[in-house]
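Novice: Quick one: this structure, given as structure tokens, is what I'll be asking you about.
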Amino acid sequence: MDIKEKKTRIVKNIKVDTKKCVGCRACEIACSAFHATPKYSSVNTARSRIMVIMDEVRDIFVPIRAGDYAQAECNGRNRYVIDGKEYDNCTFCPASCPSRDAFKDPDSGLPLKCDMCESVPPLEKPMCVDACTFGALTYEEKEEPVRAEEEKPEDMEIVFEALVKKHGKKKVLDTFTRLSKA
Amino acid sequence: MRYAETGFQLEVDLSKGSIDKVETDPRDTALYLGGNGMDAKLLYERVPPETDPWSPDNLLIFGNGLLNGTCVPGANRMSVNTIAPVNGFFGHSLMGGFFGAEMKMAGYDRIVIQGESPDLVYLAIHNDKVEIRDATHLRGKGMYDTQRLIQEELNDKRALVAAIGPAGEHRVIMASIDCGNSSAARTPGPVMGAKRLKAIAIRGTKDVNLAHPAEAWEMCSRLRKELDANPNIGDWMATDEDDSFHHNNFSWGNARVRRKNFWNPSLEERWRNLKYDHMSRWTGCWNCPKACHNLIQWPNRRRFSYKCYGKDTYHMASFQELDFTFEILPIAQDLGLDSYSTPQVIAFALELLEAGILTEKDFPGMPSEVRGRFYYLIDKIAHREGIGDVLADGVSGAAARIGKGAEKFDHNTVKKFEQLPIKLGKLNPAYFLMIATGEDMAITQIEGSFPQDPITDPEMKEEFIRKWVAVPDKKFHEWFRKWEKRDQLPDEAMVEICDWNECMHYLDDSLGLCGFVSSFRGQFGGTTGYHVWNMPKVITHVTGIEFDKDRLWKCFQRNRNLIRALNNRRGLRRPMERPPEDHWAVRNEEYEQQLLTKYYDFKGWTFDGIPTKETLEKLSLGYVAEDLIKRGVLTGNEVTALNDPRAKKGKK
């Protein structure tokens, strides 16, 4: 096998068309039901890993998915004006962070993160997308090349590299040869 | 564990300042479901007929439908019930949107408000943390500002705030309770004002449990897709810009003038542009695949949304065009005025002025042109200033206060309730029954399952029948098959059509389903989303309580008879059950009375329109029968209407 073969991976994505969102929150309901234990045993939008940021008077309807946990609030928050409507940074931010109570389990306070509804057998598309009858959420799979820095060395390689760095190539090779003969 | 419901209600006494979380009896759920059924039971047990609706002892109940807050698509209705000041009867009102679902997630099936606060307060609920907070700084604030300020105060943008505006604070009969794009109109607003409760803010983060998880989810998921694909449900007015139906057939002004040829293609094109040039998007309610609200940004107004016939009421009452409705609605909504009855009250007042019963002196400083007059009057009414104080009592109340013949201009009310402005030619017997006897007081809350008109083409008719699975019994197919002229069906069919139409609304209102995917939408196209055949399975999977069609039907009958008895106890009798005298030009008093008797008889009611002891006992309402006998409303020996000697006398 040629190890230099270009590697690719499948990236799962949910495309959001904010113009199509009507704010029915079916995505939140589906998400919370899917992640309930047992599966589908309850509805609780506070447990959802997707949330519609909604402000009718400003015509803002943005479904956002829970991303990584952030320990601290960001130090500067941008404001965006898009098509004449002003959005704050949090409207697009997926973080579970101290500035808001979104994306935290209401009982434990632990951060929630979207897992694209990974399950066995796999779903055709994440639950929120399936529940969105308005086409505001679309599931996409993209094949993209794995970036070089992401081609991580194996654990053993890391150990050997460290030994070589410390003792030099020859000493490591000699030791390996002696040990393998023993 | 309780499923679909939480098993708790929140009891707040604003006189004492007490807050209690009370566990409810699961057996009541199986009998009354939730929503208006459970609310009616509480009102029956706790508000005796002597209690004045304005008194602190009246209850104001925000009662979740049983399925609201679950995964059932289109289940987002909360009933807001009270004893209505307008007529002293059971006040029927519904709110869609998100408030009810949030209440469920906060851990409550309903919020029961009693007493009267010494000054303006609001209720802040976050799960088990419930506070009565000062709201004096919100006095006079509009609906939008109130919601925004409370969210800021609680530092919670996701809190749902149901509030009254100045109109509610001033106990205006037409005041509504609003939460975002949703509104509980026509009765509870003034009671909230009387209790000095400016708003309820609610936030919940608890689970709403489902009894049979996999089955419930599979079924609801499938239903959501079916509702989405079904063209016969939802609000057509959200997308169909041909609104000739209302404009050509309904009456303009104070339900006076029918403009049969008003609509035309160029007007439609102009209005279409008026709408879409200013529309931001459609918006929806909790977990519903239909988006019925139209979000409009009109110059110099805050963005607002309307739905359905709310698009027409202001410009039809004032003989204006759509731009006037778009211009005045956000202001009227902010004042907390219901857009269904308020324009009628204003048109009534302007008619009285024209007739000389009211004079210019009653309207100091009122502009001369009609738009200005409407702005002037909504403001006077909302603040009960000058003539506004009189008009704030609604058409019937104002007519009684004004006197001098004003009563004659109150020509479009039933049981003091403003009706849709419809004036037609020939009596329609099924509609006679619905308008006369409906406890929900407005025809749109009663009609909806049986089509309004027959289909003449035999092939289309058979095609319609083939798809029409919603009928509770095949006999409806047969009646429809033989039906040729609107007013010609056997009396027994008229009676049962009325009964079935009512049934669907009562079920929706106790389950929390929206009429637009259920009770109101069977009449157009016949393929409504929910009916008595698929509802039981949904309820069983979500609640874990076994239901079938017969058991569900009995719940309807129980709730219907309970509300009827509650109103009987407060004085409702046969003579009040009359559609407006000019609703149809051609009337037949003798026939109408015979029909009414047949309907009462079918319902198991007396000649006076009261459920008999036997009828109540059969529905596990023995306690109601006992109470009616104790109060002298029944003797206990009554027979049903057709067996009454007065019925036989009428026949001769």
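The values are calculated or read from the model by the stated rules, or taken from the named source; none is laboratory data. Computed from a prediction, not measured in an experiment: that's the story for all the values here. Positions of Cβ are generated from backbone atoms using ideal geometry, with glycine treated the same way; all protein chains shown enter the neighbour counts.
Novice: Hey, which of the strands (runs of 3 or more DSSP E) in segment B:92-155, taking only ones fully inside, have at least 3 residues that are assigned by TED's automatic domain parsing to the domain that holds residue B:57 and surrounded by 20 or more Cβ atoms within 10 Å (Cβ to Cβ)?
Specialist: Values: elements: B:110-114, B:121-126, B:129-134.
Result: B:110-114, B:121-126.
Novice: Just to check your reading of the model, which residue among A:93, A:74, A:117 is without any contact (Cβ under 8 Å) to a residue 40 or more places away in the chain, within 15 Å of the chain's Cα centre (by Cα) and surrounded by 12 or more Cβ atoms within 10 Å (Cβ to Cβ)?
Specialist: Sole residue among the options that is without any contact (Cβ under 8 Å) to a residue 40 or more places away in the chain, within 15 Å of the chain's Cα centre (by Cα) and surrounded by 12 or more Cβ atoms within 10 Å (Cβ to Cβ): A:93.
Novice: Being under 10 Å from residue B:305 (Cβ atoms), more than 8 Å from chain A (Cβ to nearest Cβ), of a type in the set (A, V, I, L, M, F, W, C) and not in a loop (DSSP other than H, G, I, E, B) is the filter here, so list the residues in segment B:268-294 that pass it.
Specialist: B:279
Novice: Further, regarding this structure: Give me a count of the residues in segment B:497-530 that are part of a loop (DSSP other than H, G, I, E, B) and surrounded by fewer than 24 Cβ atoms within 10 Å (Cβ to Cβ). Before the answer, list the steps.
Specialist: We begin by selecting, within segment B:497-530, every residue part of a loop (DSSP other than H, G, I, E, B); these are B:512, B:514, B:518-530.
From what is left, the residues that are surrounded by fewer than 24 Cβ atoms within 10 Å (Cβ to Cβ) are B:523-527.
So the count comes out to 5.
Novice: For the subset of segment A:131-145 comprising residues that are surrounded by 12 or more Cβ atoms within 10 Å (Cβ to Cβ) and of a type outside the set (Gly, Ala, Ser), which member is nearest to residue A:65 (Cα to Cα)?
Specialist: Going through the qualifying residues, I end up with A:137.
Novice: Might you let me know whether segment B:420-433 holds any residue that is within 24 Å of residue B:553 (Cβ to Cβ), part of a loop (DSSP other than H, G, I, E, B) and at pLDDT 95 or above?
Specialist: No, the conditions are met nowhere in segment B:420-433.
Novice: May I ask you to list the residues in segment B:233-269 that are hydroxyl-bearing (Ser, Thr, Tyr) and within 21 Å of residue B:351 (Cα to Cα)?
Specialist: B:251, the sole residue that qualifies.
Novice: Between a residue in segment B:63-83 that is outside the structural domain of residue B:441 (by TED's automatic domain parsing) and any residue that is surrounded by fewer than 24 Cβ atoms within 10 Å (Cβ to Cβ) and assigned to a loop (DSSP other than H, G, I, E, B), which pairs come within a Cβ distance under 6 Å, given they are 6 or more apart or on different chains?
Specialist: Note: pairs meeting the criteria are B:83/B:47; B:83/B:53.
Novice: Being crowded, with 17+ Cβ neighbours inside 10 Å, among the β-branched types (Val, Ile, Thr) and not in a loop (DSSP other than H, G, I, E, B): is that true of residue B:6 here?
Specialist: Details: crowded, with 17+ Cβ neighbours inside 10 Å: yes; among the β-branched types (Val, Ile, Thr): yes; not in a loop (DSSP other than H, G, I, E, B): no.
When the stated conditions are applied, residue B:6 does not pass them.
Novice: Residue under question is residue A:129, and the condition is that it be modelled with pLDDT of 95 or more and assigned to a helix (DSSP H, G or I); does it hold?
Specialist: On the way: modelled with pLDDT of 95 or more: yes; assigned to a helix (DSSP H, G or I): yes.
Judged against the criteria, residue A:129 is a match.
Novice: Pick from B:36, B:76, B:58: which is within 14 Å of chain A (Cβ to nearest Cβ) and buried (at least 24 other Cβ atoms within 10 Å of the Cβ)? Explain how you work it out, then say what you get.
Specialist: Details: B:36 fails: within 14 Å of chain A (Cβ to nearest Cβ); B:58 fails: within 14 Å of chain A (Cβ to nearest Cβ).
Result: B:76 is the single residue among B:36, B:76, B:58 that is within 14 Å of chain A (Cβ to nearest Cβ) and buried (at least 24 other Cβ atoms within 10 Å of the Cβ).
Novice: What tally of residues in segment B:147-180 results from selecting those that are in contact (Cβ under 8 Å) with a residue 60 or more places away in the chain and within 14 Å of chain A (Cβ to nearest Cβ)?
Specialist: Result for segment B:147-180: 4.
Novice: Then there is this: Here are A:85, A:7, A:15: which of them is within 13 Å of chain B (Cβ to nearest Cβ) and either surrounded by fewer than 18 Cβ atoms within 10 Å (Cβ to Cβ) or not small (Gly, Ala, Ser) (or both)?
Specialist: Testing whether each residue is within 13 Å of chain B (Cβ to nearest Cβ) and either surrounded by fewer than 18 Cβ atoms within 10 Å (Cβ to Cβ) or not small (Gly, Ala, Ser) (or both) leaves just A:85.
Novice: Looking only at segment A:3-15, decide whether some residue is touching a helix residue (DSSP H, G or I) at 6+ places or on another chain (Cβ under 7 Å) and in a helix (DSSP H, G or I). Please lay out each step first, then the result.
Specialist: Looking only at segment A:3-15, we keep the residues that are touching a helix residue (DSSP H, G or I) at 6+ places or on another chain (Cβ under 7 Å), and these are A:14.
Narrowing the set further to residues that are in a helix (DSSP H, G or I) leaves none.
The answer is no; no qualifying residue exists.
Novice: Tell me which of these residue B:425 doesn't satisfy, since it passes every other one: (1) among the small types (Gly, Ala, Ser); (2) surrounded by fewer than 19 Cβ atoms within 10 Å (Cβ to Cβ); (3) farther than 21 Å from residue B:588 by Cα.
Specialist: For residue B:425, the failing item is (3).
Novice: Going residue by residue through segment A:144-158, is there one that turns out to be modelled with pLDDT of 90 or more, aliphatic (A, V, I, L, M) and either more than 30 Å from residue B:156 (Cβ to Cβ) or touching a Cys at 6+ places or on another chain (Cβ under 7 Å) (or both)?
Specialist: Scanning segment A:144-158 turns up no residue that is modelled with pLDDT of 90 or more, aliphatic (A, V, I, L, M) and either more than 30 Å from residue B:156 (Cβ to Cβ) or touching a Cys at 6+ places or on another chain (Cβ under 7 Å) (or both).
Novice: Residue by residue through segment A:25-79, note down the ones that are among the hydrophobic types (A, V, I, L, M, F, W, C) and part of a helix (DSSP H, G or I). I'd like the intermediate steps shown before the answer.
Specialist: Residues of segment A:25-79 that are among the hydrophobic types (A, V, I, L, M, F, W, C), as a first pass: A:26-27, A:29-31, A:33-34, A:36, A:43, A:46, A:50-54, A:57, A:60-62, A:64, A:66, A:70, A:72, A:74.
Passing the criteria: A:26, A:27, A:29, A:30, A:31, A:33, A:34, A:46, A:57.
Novice: Only one of these conditions is not met by residue B:292: (1) out of contact with any helix residue (DSSP H, G or I) (no Cβ under 8 Å at 6 or more places or on another chain); (2) in contact (Cβ under 8 Å) with a residue 24 or more places away in the chain. Which number is it?
Specialist: Checking residue B:292 against (1) out of contact with any helix residue (DSSP H, G or I) (no Cβ under 8 Å at 6 or more places or on another chain); (2) in contact (Cβ under 8 Å) with a residue 24 or more places away in the chain, the one that fails is (1).
Novice: Give me the helices (runs of 4 or more DSSP H) completely within segment B:183-256, filtered to those with at least 3 residues that are touching a Ser or Thr at 6+ places or on another chain (Cβ under 7 Å) and within 11 Å of chain A (Cβ to nearest Cβ), ordered by residue number. Spell out how you get there, then give the answer.
Specialist: Working: elements: B:188-194, B:213-229, B:244-249.
So the answer is B:213-229.
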